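**Student:** So that we are looking at the same thing, I have put the structure below in structure tokens.
The values are calculated or read from the model by the stated rules, or taken from the named source; none is laboratory data. Computed from a predicted structure; not experimentally measured. Glycine gets a Cβ as well: all are built from the backbone with ideal geometry, and neighbour counts include every protein chain shown. These area figures cover heavy atoms from the full protein model, side chains too; ligands, DNA and RNA do not enter into them. Shrake-Rupley method; radii C 1.70, N 1.55, O 1.52, S 1.80 Å.
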Amino acid sequence: MLLPDGTLYLDFNATTPLAPDASEALDRASRQVFGNPSSLHAPGREAKALLEGARAALARFVGCNASEVVLTSSGTEAAHLAWETALAGTLRKKIITSSIEHPCVSAQAERWGARGFHILEIPVDGRGVLDLQALESALGEEVALVSVMAAHNETGVLQPVAEAGRLTRAHGALFHTDAVQAMGKVPSPWPDARPDLLSLSAHKFCGPKGAGALAVREGLRVAPMLVGGGQEGGARSSTEAVPSVHAVGVAADRARDHLGESRRIEALRDSMEAELRGRWGALVHGSGAPRLPNTSFFSLPSADGSALAAALDARGIFVATGSACHEGGSGLPRVLKAMGVPAGTRTPLRVSLGVGTRADDVGRFLDVLGETLGA
Ligand code: PLP
């Protein structure tokens with residue numbers, strides 16, 4: 001996507017620009033709707049109507065009932081609320097997750113481990129896909145929660161959450177999926193994976209930052225982290241950020257409409273990868289697995305991703321090296337180590353396309369990359 005100053009944004013997995021109508025909704029509600037949605041008078045009712053409208057839009061987006069949507073401040077908070085809900089008061093003492101989760105899950109695992117839970121990380125194969133056999137053998141009566149992301153933020157690899165959900169249910173444990181990267185890029189995993197808990201974040205689908213939601217399957221009682229005024233039916237106290245939540249609802253409806261764009265985006269991504277392989281011998285991580293249509297995570301044999309990202313930035317092209325990728329000695333991101341990528345592999349680049357990315361944009365990226373590489 002070309003920005004107004006002519007620079008080029010290709011980092012949609014990090015965050016997305018606000019959809020124009022979400023931006024208008026945010027502005028309008030900020031100026032005109034100031035009531036507290038818990039107030040019973042007209043301004044309060046007006047604010048409440050916006051909240052409930054957004055909740056209904058999120059429910060359409062996820063495929064759940066509006067009564068199953070809890071509004072949160074972020075994907076991170078939603079994942080925390082999911083774990084708290086699954087684990088508070090349980091007598092089962094084992095938690096299963098994967099070796100490639102986002103830190104909002106893996107850091108929680110460490111915390112719950114320190115509280116006496118046994119944490120097991122299921123490995124992924126060389127394509128970056130969860131090992132379902134290992135999951136099946138790890139499940140048992142002592143497992144309280146299985147938490148597996150729907151799509152990886154760096155590789156874009158889609159995880160087999162439908163199968164993981166089925167296995168988890170068969171053992172009577174609860175299933176959470178971090179669907180932050182999946183929502184808006186592929187159909188919602190809610191109907192197939194049937195998770196008990198699904199977390200999402202608005203800024204990944206052209207909604208505002210600092211807004212997310214947790215879908216909680218009917219019948220499961222939320223264990224609130226924030227207590228006080230009893231908002232969100234007691235699931236999350238604090239006065240709701242009405243303008244922002246209103247914009248989330250608009251963005252969710254828009255993202256649902258845009259799912260049809262994914263074929264076009266995938267074709268662009270695939271043609272870009274063909275060039276990257278053909279011209280510079282790129283190794284595309286996770287390309288053997290089903291992936292998000294917009295994401296490409298690759299290493300070039302001739303240059304480190306970190307150097308290339310900096311050079312591209314200087315030319316007004318914004319891509320990523322992946323997130324939090326500098327842990328460990330080799331400098332490779334955790335997900336690549338988990339996939340068993342050889343230690344000498346150059347650090348990767350992540351290019352993530354989005355609404356508004358055109359073939360010309362990809363062409364410009366490839367031209368400038370070629371000039372940077374001197375090839
Ligand atoms: N989960 C995944 C897979 C993500 O990619 C991110 C954000 O990068 C998050 C969770 C956290 O979402 P938020 O930024 O809304 O806290």
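**Student:** Tally up the residues in the stretch 183-214 that are under 20 Å from residue 293 (Cα atoms), of a type in the set (Lys, Arg) and near the ligand (Cβ under 10 Å from one of its atoms), please.
**Tutor:** 1
**Student:** Out of all the residues in the stretch 338-348, which are under 14 Å from residue 125 (Cα atoms) and crowded, with 16+ Cβ neighbours inside 10 Å? Let's see the steps before the verdict.
**Tutor:** Residues of the stretch 338-348 that are under 14 Å from residue 125 (Cα atoms), as a first pass: 338-342.
Residues satisfying the conditions are 338, 339, 341.
**Student:** Within 16 Å of the ligand (Cβ to nearest atom), among the hydrophobic types (A, V, I, L, M, F, W, C) and either open to solvent by 10 Å² or more (accessible area, probe 1.4 Å) or part of a helix (DSSP H, G or I) (or both): is that true of residue 162 in this structure? Spell out how you get there, then give the answer.
**Tutor:** Working: within 16 Å of the ligand (Cβ to nearest atom): no; among the hydrophobic types (A, V, I, L, M, F, W, C): yes; either open to solvent by 10 Å² or more (accessible area, probe 1.4 Å) or part of a helix (DSSP H, G or I) (or both): yes.
Considered against the rule, which asks whether it is within 16 Å of the ligand (Cβ to nearest atom), among the hydrophobic types (A, V, I, L, M, F, W, C) and either open to solvent by 10 Å² or more (accessible area, probe 1.4 Å) or part of a helix (DSSP H, G or I) (or both), residue 162 comes out as no.
**Student:** Go through the stretch 215-245 residue by residue and tally those that are over 15 Å from residue 85 (Cα atoms) and either at pLDDT below 95 or within 16 Å of the ligand (Cβ to nearest atom) (or both).
**Tutor:** Number of matching residues: 3.
**Student:** Pull up the stretch 178-213, narrow it to residues that are assigned to a helix (DSSP H, G or I) and either touching a strand residue (DSSP E or B) at 6+ places or on another chain (Cβ under 7 Å) or charged (D, E, K, R) (or both), then point me to the one that is surrounded by the fewest Cβ atoms within 10 Å (Cβ to Cβ). Talk me through it step by step, then tell me what you get.
**Tutor:** We begin by selecting, within the stretch 178-213, every residue assigned to a helix (DSSP H, G or I); these are 190-193, 202-204.
Add one more test, that the residue is either touching a strand residue (DSSP E or B) at 6+ places or on another chain (Cβ under 7 Å) or charged (D, E, K, R) (or both), and what stays is 190, 192-193, 202, 204.
Values: 190: 24, 192: 14, 193: 24, 202: 33, 204: 26.
Going through the qualifying residues, I end up with 192.
**Student:** Another question, then. Determine which single condition residue 110 fails, assuming it passes every other condition in (1) closer than 23 Å to residue 171 by Cβ; (2) touching a strand residue (DSSP E or B) at 6+ places or on another chain (Cβ under 8 Å); (3) of a type in the set (Asp, Glu).
**Tutor:** Answer for residue 110: the failing condition is (1).
**Student:** Across the stretch 214-260, what is the number of residues that are buried (at least 17 other Cβ atoms within 10 Å of the Cβ) and acidic (Asp, Glu)?
**Tutor:** Summing the residues that are buried (at least 17 other Cβ atoms within 10 Å of the Cβ) and acidic (Asp, Glu) in the stretch 214-260 gives 3.
**Student:** Can you work out which of the residues in the stretch 267-315 that are assigned to a loop (DSSP other than H, G, I, E, B) and hydroxyl-bearing (Ser, Thr, Tyr) is modelled with the lowest pLDDT?
**Tutor:** Here is the first cut: in the stretch 267-315, the ones assigned to a loop (DSSP other than H, G, I, E, B) are 281-282, 285-290, 292-294, 301-302, 304, 315.
Checking the rest, the ones that are also hydroxyl-bearing (Ser, Thr, Tyr) come to 287, 302.
Values: 287: 97, 302: 94.
By that ranking, first place goes to 302.
**Student:** Would you confirm whether or not the stretch 237-249 contains a residue that is in a helix (DSSP H, G or I) and touching a Cys at 6+ places or on another chain (Cβ under 7 Å)? I'd like the intermediate steps shown before the answer.
**Tutor:** Of the stretch 237-249, the ones in a helix (DSSP H, G or I) are 242-249.
Now restrict to residues that are touching a Cys at 6+ places or on another chain (Cβ under 7 Å): none.
No, the stretch 237-249 has no match at all.
**Student:** State whether one or more residues within the stretch 22-45 are at negative phi, within 16 Å of the ligand (Cβ to nearest atom) and assigned to a helix (DSSP H, G or I). Walk me through it before giving the result.
**Tutor:** Step one: of the stretch 22-45, the residues at negative phi are 22-45.
The next check asks that each one be within 16 Å of the ligand (Cβ to nearest atom); those that pass are 22.
Of the ones still in play, those that are also assigned to a helix (DSSP H, G or I) are 22.
Looking through the stretch 22-45, at least one residue is at negative phi, within 16 Å of the ligand (Cβ to nearest atom) and assigned to a helix (DSSP H, G or I).
**Student:** Follow-up question, since we're still on this one. Please enumerate the residues belonging to the stretch 67-93 that are buried (at least 22 other Cβ atoms within 10 Å of the Cβ), outside any helix (DSSP H, G or I) and hydrophobic (A, V, I, L, M, F, W, C).
**Tutor:** Matches in the stretch 67-93: 69, 70, 71.
**Student:** Ok, one more. If you go through the stretch 94-111 one residue at a time, how many are open to solvent by 50 Å² or more (accessible area, probe 1.4 Å) and away from the ligand (no atom under 13 Å from the Cβ)? Walk me through it before giving the result.
**Tutor:** Of the stretch 94-111, the ones open to solvent by 50 Å² or more (accessible area, probe 1.4 Å) are 102-103, 107, 110-111.
Cutting the leftovers down to away from the ligand (no atom under 13 Å from the Cβ) gives us 110-111.
Qualifying residue count, the stretch 94-111: 2.
**Student:** Take the conditions farther than 30 Å from residue 106 by Cβ and free of Cβ contacts under 8 Å to residues at least 60 places away in the same chain and apply them to residue 31. Does it pass?
**Tutor:** On the way: farther than 30 Å from residue 106 by Cβ: yes; free of Cβ contacts under 8 Å to residues at least 60 places away in the same chain: yes.
So residue 31 fits the description; yes.
**Student:** Conditions first: (1) loosely packed, with under 14 Cβ neighbours inside 10 Å; (2) farther than 30 Å from residue 55 by Cα; (3) in contact (Cβ under 8 Å) with a residue 40 or more places away in the chain. Residue 278 passes all but one, so which condition is the exception?
**Tutor:** Going through (1) loosely packed, with under 14 Cβ neighbours inside 10 Å; (2) farther than 30 Å from residue 55 by Cα; (3) in contact (Cβ under 8 Å) with a residue 40 or more places away in the chain one by one, residue 278 breaks only (3).
**Student:** Next question. Six or more apart or on different chains, Cβ under 8 Å: which pairs go from a residue in the stretch 76-90 that's within 16 Å of the ligand (Cβ to nearest atom) to one that's of a type in the set (Lys, Arg)? Could you list them?
**Tutor:** If the second residue must be of a type in the set (Lys, Arg), the pairs left are 81/236.
**Student:** Shifting gears a bit: Would you point out which residue out of 114, 173 is open to solvent by 20 Å² or more (accessible area, probe 1.4 Å) and away from the ligand (no atom under 16 Å from the Cβ)?
**Tutor:** Numbers: 173 fails: open to solvent by 20 Å² or more (accessible area, probe 1.4 Å).
When all the criteria are applied, what remains is 114.
**Student:** Residues of the stretch 144-161 being within 27 Å of residue 16 (Cα to Cα) and either of a type in the set (A, V, I, L, M, F, W, C) or modelled with pLDDT under 95 (or both), which ones? So that I can check it myself, show each step before the final result.
**Tutor:** Keep residues of the stretch 144-161 that are within 27 Å of residue 16 (Cα to Cα), which gives 147-161.
Hits for the stretch 144-161 are 148, 149, 150, 151, 157, 158, 161.
**Student:** Among the residues of the stretch 353-368, how many are open to solvent by less than 10 Å² (accessible area, probe 1.4 Å) and out of contact with any helix residue (DSSP H, G or I) (no Cβ under 9 Å at 6 or more places or on another chain)?
**Tutor:** Qualifying residue count for the region: 0.
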